[in-house]
Each structure stands twice: as C-alpha cells, then as structure tokens.
1. Give the range 94-123 a look and list any residue that's part of a helix (DSSP H, G or I) and of a type in the set (Ser, Thr, Tyr), or say none.
2. Need the failing condition index for Thr23 against (1) at pLDDT 85 or above; (2) of a type in the set (Val, Ile, Thr); (3) touching a Ser or Thr at 6+ places or on another chain (Cβ under 9 Å), just the number.
3. Looking at the range 11-32, which of its residues are assigned to a loop (DSSP other than H, G, I, E, B) and hydrophobic (A, V, I, L, M, F, W, C)?
4. Considering only the range 34-89, how many residues are at pLDDT below 85 and surrounded by 15 or more Cβ atoms within 10 Å (Cβ to Cβ)?
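The values are calculated or read from the model by the stated rules, or taken from the named source; none is laboratory data. Since the structure is predicted, the reported quantities are computational estimates derived from the model, not experimental observations. Heads up, the Cβs are rebuilt from the backbone with ideal geometry, glycines too, and the neighbour counts pull from every protein chain shown.
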Amino acid sequence: MNDKTDRSDPRTPRARKLRREATPAERRFWTQLRQLEIKNVHFRRQAPIGPYFADFACHRTRIVVELDGERHGFDADALRDEKRTRFLETSGYRVLRFWNHEVLRNLESVVDTICSALYQTPEPPTPNPSPPQAGGGE
C-alpha cells in the first residue's frame with residue numbers, strides 16, 4: 001500500500017480493523033457523535049494513544065470516550081481497564097466510560113454528558129515546583 005500513514009505508524013492497520021469490527025453501540029454512538037457541531041471538536045475512532053486504542057478520542061480537548069460491553073464487568077477486564085485509564089489520564093486525557101447498554105437505551109443522556117465535559121475548561125497544569133516570581137523577592 002502507498003498510504004504514508006501505514007508506513008509511519010504500525011498501529012494503523014489494527015485501528016482500521018477495530019473500526020471495521022465496531023460493536024452496534026459503537027456504530028450508533030459514532031453516528032450521533034459525527035452529527036455534533038461543536039467548534040474545534042473532532043473525535044477519532046480507535047485512536048492510537050501509546051500502547052492503547054481509545055474507542056473515541058478528541059485530542060484537542062483531551063477527552064477519551066470508552067464504551068464497555070458486559071465482559072468489562074469481570075475482574076481481569078476491569079483491571080485492564082483501570083490500567084488503561086491510568087495511562088490515558090497520566091497522558092493528559094480525561095476518560096469517560098459508558099456501558100454499551102447505556103448507549104443503546106439512552107444515547108441522548110450519554111451525548112449530553114460528553115457535551116458537558118467538552119464545555120468544561122480544565123485548569124492549566126502548574127509546574128511543580130512553581131517558577132520563581134519576577135523580581136526575585138521573597
């Protein structure tokens with residue numbers, strides 16, 4: 001393939017496969033998400049972030065939306081989800097998780113929650129330790 005993206009990021013074929021094999025909840029959610037008209041907000045499906053693929057990610061607002069099926073309720077999967085969430089959060093993302101059945105039964109509420117998160121402006125991080133004040137006074 002001559003696609004530059006395939007050569008530059010080896011995760012791209014896996015992301016494409018995940019998009020093709022989307023769950024019914026992911027398909028329904030994606031259709032709704034694409035209809036949102038919010039300035040400077042662009043979500044990507046199965047976006048590679050580090051070693052993970054976020055179900056939906058808006059890099060500009062640093063929001064990740066994860067849709068979880070029933071298997072995520074088991075201990076082993078829940079532990080993997082926690083590890084993944086910690087990684088994404090330490091990478092500067094806010095992670096919003098919803099169950100597939102929430103998307104299928106109450107999509108409007110899920111979208112409202114995401115829109116609220118998009119409009120919240122997070123505090124800019126402060127360096128640790130804070131830089132010295134101008135003038136060098138104590």
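1. Passing the criteria: Ser109, Thr113, Ser116, Tyr119.
2. Only one criterion in (1) at pLDDT 85 or above; (2) of a type in the set (Val, Ile, Thr); (3) touching a Ser or Thr at 6+ places or on another chain (Cβ under 9 Å) is unmet by Thr23, namely (3).
3. Residue satisfying the conditions is Ala22 alone.
4. Qualifying residue count for the region: 1.
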